[in-house]
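Have a look at the structure below, then the notes.
The values are calculated or read from the model by the stated rules, or taken from the named source; none is laboratory data. Given the structure is predicted, the values throughout are model-derived calculations rather than measurements. Every residue, glycine as well, gets a Cβ built from its backbone with ideal geometry; the counts of neighbours run over all protein chains shown. Accessible surface is based on the protein model in full, side chains and every heavy atom, while ligands, DNA and RNA are left aside. Shrake-Rupley method; radii C 1.70, N 1.55, O 1.52, S 1.80 Å.
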Amino acid sequence: MINLKINGLEVKAEEGWTILETAKFYGLEIPTLCYKEGLSAYGGCRLCLVEIGEGPKAKLASSCTYPVEEGLVVRTDTRRVIETRRMMIELMLSLAPNSKTIQDLASKFGVTKVRFKVRNEECILCGLCVRMCAEQMGGRAIGFQNRGHKRKISTPFDIKSEECRLCGGCMYICPACQLKCQGPEADTTVCNACLTMDPTCLDYYDELQCWMYNVGRCGTCVREKPEKSDSKEQAQKSKEKQKNA
Amino acid sequence: MEVEELKIKSCITKYNYEKKALISILQDIQEEYNYLPQEALNIVSKTLGIPLIDIVGVATFYRAFSLEPRGKHLVTVCVGTACHIRGAPNILEEFERKLNVKAGKTTGDGQFSLETVACLGCCAIGPVVIVDGNYYAQTSIRKVDAILKKHRKKKK
Ligand code: SF4
Ligand code: SF4
Ligand code: FES
Ligand code: FES
């Protein structure tokens, strides 16, 4: 058994588990997108980021691919994690604004604007379809091609693949090409309709729905309890933030 | 160009049918045909038992491989940071004008393919241009004509 700490909670994990699996086992929620049970972990969407380590050495890691280590300190909801997660959602939104899955994520995590050029690629390169095809459907019909900004998913030579059995598994699992957002403002880049509807269809209330939000999101409710050593530092930081705001 | 199965097979036997030699095999095929013909990749896939999509993934990942026929001569202009500062964009433009093709394409007569690369690791002698493996250091717009002439002649 491996002992580690998640959000201050002492937990035990089996050798070979990932942080995500451990957190799930203990009922702690970490949002995921490119991770699905039954498929290998790919670490493509970075939504499942958590902060590992303490103090200035703390770094971000994707929990779906990071194996547990003895004595690891994991925090799943720090400000840094939340802000980075928002950034990832914003980036994905700029790639595939028509996806309901991603619009829902945006509402859920308080992403209300997209500062990037909207590209409408209808694919966020999460690789779910590739893994679904290869690992569950026994086909090897589609895969990643090219690299950098030209990277795309396709069949060999962009023609109908002999290996495809037309099972539809790739479409079933794709977060970008299944459900289209049907909200009242669905054709804007960020819909956020779920946020303004009453009752809201979100299963999650975050600081966006907090009455303090417009006053500068104090964040008290999401910040972990300050540990003794760096409580001073945190107090200082929040003071600075307030000043800046 | 006709793809001969035997030729491809011999490229593969040379590496003992090892899957991990895929890149070397693709390099040999490219050497032979100047590009990677679709038919050849099918043969490699069947003989080695690697899914075709994985081979295409490798072939499209590296800029050195081309899935389209290339010209007899390959002109590569470095547009990496160091060469860029020293005027590589102008040189590339000059090549485009002289050959009447855009970067990444092949001339109509099948003589020249024009490509770009981001840094060759020899920035000190930039701007660098490579034609068929010959390096030209400190090139300038004025040298473009001479370089092309030299290689046009060679084939005749
Ligand atoms: S429909 Fe074709 S490409 Fe999609 S998962 Fe099935 S076999 Fe693979
Ligand atoms: S097509 Fe869909 S499942 Fe496949 S990588 Fe793109 S977004 Fe992911
Ligand atoms: S779920 Fe971990 S990176 Fe996508
Ligand atoms: S930038 Fe051209 S060789 Fe480095």
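Taking H placed 1.01 Å from N in the peptide plane, check which residues at least 5 places from A:Cys45 or on another chain put their amide H under 5 Å from its amide H.
A:Cys34
Which residues' amide hydrogens lie under 5 Å from the amide hydrogen of A:Leu72, considering only partners 5 or more residues apart or on another chain, with H built in the peptide plane?
So A:Leu72 has HN proximity to A:Lys5.
Which of the residue pairs A:Lys59/A:Lys117; B:Lys72/B:Lys98; B:Lys9/B:Lys72 have a Cα-Cα distance greater than 20 Å in the structure shown?
A:Lys59/A:Lys117; B:Lys9/B:Lys72
Quickly estimate the mean residue ellipticity at 222 nm for chain B, helices only: each DSSP H run with n ≥ 4 gives -39500 (n - 2.57), and the total goes over all residues, rounded to 500.
When only DSSP H runs of four or more count, the value is -13500 deg cm²/dmol.
Nearest 5 percent is fine: what portion of the DSSP beta bridges confined to chain B is antiparallel?
Bridges in chain B that DSSP calls antiparallel: roughly 55 percent.
What are the GluC sites (Glu not before Pro) within region B:1-106 that DSSP puts in a loop, where the Cβ has at most 14 other Cβ atoms within 10 Å?
B:Glu2, B:Glu4, B:Glu18
Rounded to the nearest 100 Å², what's the accessible area chains A and B bury against each other, both chains counted, probe 1.4 Å?
1100
For the Cα atoms of chain B, what angle does the longest principal axis make with the long axis of helix B:144-155, in degrees from 0 to 90, nearest 10?
40
May I ask you to list the GluC sites (Glu not before Pro) in region A:1-74 that are in a DSSP loop and have at most 15 other Cβ atoms within 10 Å of their Cβ?
A:Glu14, A:Glu15, A:Glu29, A:Glu37, A:Glu54, A:Glu69, A:Glu70
Per residue of region B:22-30, what does 6.51 cos²θ - 1.76 cosθ + 1.60 with θ = phi - 60° give for ³J(HN,Hα)? Whole Hz please, x for Gly and Pro, Karplus curve as stated.
Residue by residue, region B:22-30 yields 3, 5, 4, 5, 4, 4, 5, 5, 5 Hz.
Please list, in chain and number order, the residues 5+ apart from A:Ala58 or on another chain whose amide H is under 5 Å from its amide H, with Hs placed from the backbone.
Close amide H contacts, sequence-distant or interchain: none at all.
Please list, in order along region A:90-95, the HN-Hα scalar couplings obtained from phi with the Karplus expression 6.51 cos²θ - 1.76 cosθ + 1.60 (θ = phi - 60°), rounded to whole Hz, x for Gly and Pro.
4, 5, 5, 4, 6, 8
Peptide A:154-161: average number of partner chain Cβ atoms within 10 Å per residue?
4
Ranked highest first by the average count of other Cβ atoms within 10 Å around their residues, in what order do B:97-103, B:132-138, A:127-133 fall?
A:127-133, B:97-103, B:132-138
In whole Hz, with x marking every Gly and Pro, tabulate ³J(HN,Hα) for region B:126-131 from phi via Karplus 6.51 cos²θ - 1.76 cosθ + 1.60, θ = phi - 60°.
Calculated HN-Hα couplings, in order: x, x, 9, 10, 10, 10 Hz.
Can you tell me the equivalent ellipsoid semi-axes for region B:73-153? Use √(5λ) from the Cα gyration tensor, largest first, whole Å.
For region B:73-153, the semi-axes come out at 19, 12, 11 Å.
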